[in-house]
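What follows is a set of notes on a single structure, which appears directly below.
The values are calculated or read from the model by the stated rules, or taken from the named source; none is laboratory data. In this text the structure is predicted, and so the values were computed from the model without any measurement. FYI the Cβ positions are ideal-geometry reconstructions off the backbone, even for glycines, and counts take in every protein chain you see. Please note that ligands, DNA and RNA were not included when accessible areas were found on the heavy atoms of the full protein model with its side chains. Shrake-Rupley method; radii C 1.70, N 1.55, O 1.52, S 1.80 Å.
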Amino acid sequence: MNIKRREFLTTCGLASFATQIPAALTAQGKASSNTSRKPPHLQAGDTVGLIAPAGVVDAKDIEAAQKSISKLGLKVKLGKHILDRYGYLAGKDADRAQDVNLMFSDRTIKAIIPMRGGWGCNRILPLLNYSLIRSHPKIIIGYSDITTLLLAINARSQMITFHGPVATSTWNQFTVDYFKRILFNAEAVTMQNLNPSEVRVEAIATGKARGKLVSGNLSVLSAMVGSPYLPSWNKSILFVEEIGEDVYRIDRMLTQLKTAGILNQIAGFIFGQCTNCSLGDEPSFTLMQVLQDHILPLGIPAWYGSMIGHIKDKFTLPIGVEVEINAELGTIRMLEAAVSLV
């Protein structure tokens, strides 16, 4: 993601554990068990941890976030380094990683909500204690640069993670409804656009498909290709979103996923929203032309226009959970709960 887009991203160890690699990991860096751990559900009165694993955070943002989270019936605990600054990062890599590890080890914390995205989560991946995280499963949610943490923790700790609002997001009725139904009530919901006339579903290829839901921000995913921090793509449902990129860059990133062998493994494809994306210099393809070029040959159900991305109304998407998609209707139906009631 471009640093120039940071303004859009306001609306990503324990030091002694920093270099440990969990014994349960295979040579490819993925947990040997095929069983994904579901974190416990949220309840009113629970405490959530706010951290800043990526871009710089201001005190006023923390104050606003605390008010939003409190309205959900939740208490807030701040990460030790949440107000640190190190260039355009919210503190040094070791300190930001420590806040993540500490939140997972803290038994009073039931969920972790990063303040914002930007850039920086990729830098701390080698410093996270994935065995600690797997031993203390809890909800972690966010989007944009937080995609890095969501995918890495899902892959290395085999834990369900959640693509959804960050602490500084707009916590409107649509966003809160999905957040609560999935994370409080443990419902297996069907996600569908609020107002199809405003956010229109454009089918690339109709049909239904089932598979595990994975991914997040497209440019963040592209930057992780070739690393040991990505989950299996076999028969998965790949969703992506983007902001502020010209169409040719979307083309370049999808081409990278194709040549890396990711696209030919997936069972379905969803492009949420490409916010403030432009055609760029003429001549150009449209975004739909680029999507058709890459996705149609795969012969899988696919569409553009889901409530995913840098927008106010957001789904809460469980990464690693089995879903069924309908490309004609633009629906994502969870086939199981994403959190445990135990």
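Applying the condition of being of a type outside the set (Gly, Ala, Ser) and over 15 Å from the mean Cα position of the chain (by Cα) to segment 210-241 and asking which residue is surrounded by the most Cβ atoms within 10 Å (Cβ to Cβ) yields Trp233.
Filtering segment 193-216 to residues that are in a loop (DSSP other than H, G, I, E, B) and at pLDDT below 95 leaves Asn193, Leu194, Asn195, Pro196, Ser197, Glu198, Val199, Arg200, Val201.
Looking at Pro137, Pro126 in this structure, which one is within 20 Å of Ala90 (Cβ to Cβ) and not aromatic (Phe, Trp, Tyr)?
Numbers: Pro137 fails: within 20 Å of Ala90 (Cβ to Cβ).
One residue alone meets the criteria, Pro126.
Kindly establish whether Glu328 is out of contact with any His (no Cβ under 9 Å at 6 or more places or on another chain), in a loop (DSSP other than H, G, I, E, B) and among the acidic types (Asp, Glu). Criteria met by Glu328. Across segment 217-240, the number of residues qualifying as part of a loop (DSSP other than H, G, I, E, B) and more than 21 Å from Ile300 (Cα to Cα) comes to 6. Return a yes/no flag: does segment 281-291 have any residue that is assigned to a helix (DSSP H, G or I), open to solvent by 50 Å² or more (accessible area, probe 1.4 Å) and over 24 Å from Arg210 (Cα atoms). Yes; the residues of segment 281-291 include at least one that is assigned to a helix (DSSP H, G or I), open to solvent by 50 Å² or more (accessible area, probe 1.4 Å) and over 24 Å from Arg210 (Cα atoms).
Scanning segment 242-262 for residues that are buried (at least 16 other Cβ atoms within 10 Å of the Cβ) and polar (S, T, N, Q) yields one hit, Gln256. Total residues in segment 92-144 satisfying the condition of being closer than 28 Å to Ile243 by Cα and either under 16 Å from the mean Cα position of the chain (by Cα) or buried (at least 24 other Cβ atoms within 10 Å of the Cβ) (or both): the figure is 25.
Looking only at segment 288-314, residues that are touching a strand residue (DSSP E or B) at 6+ places or on another chain (Cβ under 6 Å) and under 21 Å from Gly244 (Cβ atoms) come to 8 in all.
Evaluating Val57 against the criteria (1) assigned to a loop (DSSP other than H, G, I, E, B); (2) over 19 Å from Asp93 (Cα atoms); (3) modelled with pLDDT of 75 or more leaves one unmet condition, (2).
Close contacts from segment 148-167, counting a first residue that is open to solvent by 10 Å² or more (accessible area, probe 1.4 Å) and a second that is in a helix (DSSP H, G or I), with Cβ to Cβ under 6 Å and a gap of 6+ residues or different chains, come to Arg156/Tyr130.
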